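These notes concern the structure reproduced below.
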Amino acid sequence: MTFPTFVSTELDPRARGKELGAARRAAVAANFAGYADLFAAAGARASRVRAWGERALDSSAAWAPRLAEEIAGIASGAGLEPWQVAVVNARTEILAAVDATGEGECSTSVVLPGDGDAPRTVQTWDWHDHLRDAPMLWELEPFPGHVVRTFTEAGALAKIGVNTAGLGIHFNLLRHRSDHDGIGVPVHLIARRILDEAATVEEAAALARSATVSASTVITVVTARAAASIEISPAGVAVVPSGPDGVLQHCNHFLDAALAEEERHSSDRPTTYERLRHLNAHVRELSAADPTARARAMLSHAPGHAPVCAHPDLTQPIHQRWETLATIALDLPAARLRVHRGGPCRVAEETWQVFQ
């Protein structure tokens, strides 16, 4: 099975959004409904969710007017209100606002070979199983001659991706004691602006630092010569570079010592540390040129091991069920994504969907 794809033809942000919204109308509406159910299960009232969506629109318009226009365009094409599409883009901020917790989430590995070869990257993307049909692959041209390809969710402006300037990003959730319900710039919009505008780690970090956020995340930025995890929180932004061996791995806890002091996952998501130990123990396999070998190195199930490859516990409510919905590798020289629908336990050479 593969994920649906869409290639935009419009250069104007609002027109591009409307084109996508119209083409993926049912999926965008279903994704909003799925998040409404998730927020309700986590204890958020519908009226509060709308207020947060409207605040996300304001934060987005102030920091990235073009992206706010695109959100409005998606809403128009999909037959929704702009605040509803803003809710999809601000789902990380809303989950932080309701102080949602859980054990699942993503694991990322990047290795820079150091011999002129392309970076070797792979990540699992874990999310709630009732949203398994939300992901899509989207190609767009935010500026003439600059192409972005992203694995995202219907209605969300970006997540994991690459651009034709030679930069790629991975994406993991973090939680920090400074997270709050003020609803700042959605971190998914930061990811999109990095893909739209950055060609270096330094440019990506500058964009992240320019945003006032209310929730935390880490965007791992990769180029041919450098890699760094940009850890974002309301308390500040830290840039964690790859080690001297070219290895950079990240799960769902802060690596920067100062930000880690106010870590939230240390108490409510201890498996993040176990997952990172699994990655550290399999650096050789994660250094392979073959993306299938890298993906298989991510294979680890609970109980008894860190659940890098997650499967939902159907006895739990929807906001406590997690599934590895995708396994993703970046191909920077070709500006393309390799995506497997599902977790590492089912990866094979023929299951990769190549998006370029």
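The values are calculated or read from the model by the stated rules, or taken from the named source; none is laboratory data. Quick caveat, the model's predicted, so the values are computed rather than measured. When we count neighbours, we look across all protein chains shown, and the Cβ atoms used for this are built from the backbone with ideal geometry, even at glycine. Keep in mind that these areas ignore ligands, DNA and RNA; they rest on the heavy atoms of the full protein, side chains included. Shrake-Rupley method; radii C 1.70, N 1.55, O 1.52, S 1.80 Å.
Highlighted here are the strands (runs of 3 or more DSSP E) found entirely within the stretch 207-312 that include at least 3 residues which are buried (at least 21 other Cβ atoms within 10 Å of the Cβ) and either touching a Gly at 6+ places or on another chain (Cβ under 6 Å) or of a type in the set (Val, Ile, Thr) (or both): 217-222. The residue of the stretch 104-124 that is least open to solvent (accessible area, probe 1.4 Å), among those that are modelled with pLDDT under 95 and charged (D, E, K, R), is GLU105. Restricted to the stretch 315-356, and to residues there that are at pLDDT 95 or above and of a type in the set (Ser, Thr, Tyr), the residue that is most open to solvent (accessible area, probe 1.4 Å) is THR351. For the subset of the stretch 150-178 comprising residues that are closer than 17 Å to SER233 by Cα and outside any loop (DSSP other than H, G, I, E, B), which member is farthest from the chain's Cα centre (by Cα)? Taking the candidates together, the pick is HIS176. With a requirement of 3 or more residues that are over 18 Å from the mean Cα position of the chain (by Cα), the helices (runs of 4 or more DSSP H) lying completely within the stretch 26-113 that satisfy it span 46-63, 65-78, 82-89.
Out of TRP83, TRP138, I need the residue that is open to solvent by 10 Å² or more (accessible area, probe 1.4 Å), of a type outside the set (Gly, Ala, Ser) and under 26 Å from GLU54 (Cα atoms). Which one? Criteria check complete, one pass: TRP83. The set of residues in the stretch 44-80 being of a type in the set (Phe, Trp, Tyr) and open to solvent by less than 30 Å² (accessible area, probe 1.4 Å) consists of TRP52 alone.
When only residues in the stretch 195-206 that are within 21 Å of HIS253 (Cα to Cα) and either of a type in the set (Gly, Ala, Ser) or out of contact with any Ser or Thr (no Cβ under 7 Å at 6 or more places or on another chain) (or both) count, which is surrounded by the most Cβ atoms within 10 Å (Cβ to Cβ)?
We begin by selecting, within the stretch 195-206, every residue within 21 Å of HIS253 (Cα to Cα); these are 201, 204-205.
Of the ones still in play, those that are also either of a type in the set (Gly, Ala, Ser) or out of contact with any Ser or Thr (no Cβ under 7 Å at 6 or more places or on another chain) (or both) are 204-205.
Working: ALA204: 27, ALA205: 20.
Applying the filter and picking the extreme gives ALA204.
Would you say ASP181 is open to solvent by 10 Å² or more (accessible area, probe 1.4 Å), part of a loop (DSSP other than H, G, I, E, B) and either in contact (Cβ under 8 Å) with a residue 40 or more places away in the chain or not basic (Lys, Arg) (or both)? Answer is yes for this residue. Mind checking which residues of the stretch 141-178 are surrounded by fewer than 19 Cβ atoms within 10 Å (Cβ to Cβ) and under 19 Å from ALA56 (Cβ atoms)? Within the stretch 141-178, just SER178 meets the criteria.
Within the stretch 1-40, the set of residues being surrounded by fewer than 17 Cβ atoms within 10 Å (Cβ to Cβ), touching a helix residue (DSSP H, G or I) at 6+ places or on another chain (Cβ under 8 Å) and at pLDDT below 95 comprises ASP37, ALA40. Given the criterion at positive phi, in contact (Cβ under 8 Å) with a residue 24 or more places away in the chain and not β-branched (Val, Ile, Thr), identify the matching residue among ALA335, ALA289, ALA310, ALA326. Residue meeting the stated conditions: ALA335. Is there a residue in the stretch 90-103 that is in contact (Cβ under 8 Å) with a residue 60 or more places away in the chain, open to solvent by less than 30 Å² (accessible area, probe 1.4 Å) and under 30 Å from GLY246 (Cβ atoms)? For the stretch 90-103, residues in contact (Cβ under 8 Å) with a residue 60 or more places away in the chain, open to solvent by less than 30 Å² (accessible area, probe 1.4 Å) and under 30 Å from GLY246 (Cβ atoms): present.
Pairing residues of the stretch 231-253 that are free of Cβ contacts under 8 Å to residues at least 40 places away in the same chain with residues that are crowded, with 24+ Cβ neighbours inside 10 Å and among the charged types (D, E, K, R), at Cβ distances under 6 Å and at least 6 apart in sequence or on separate chains, gives ALA238/GLU231.
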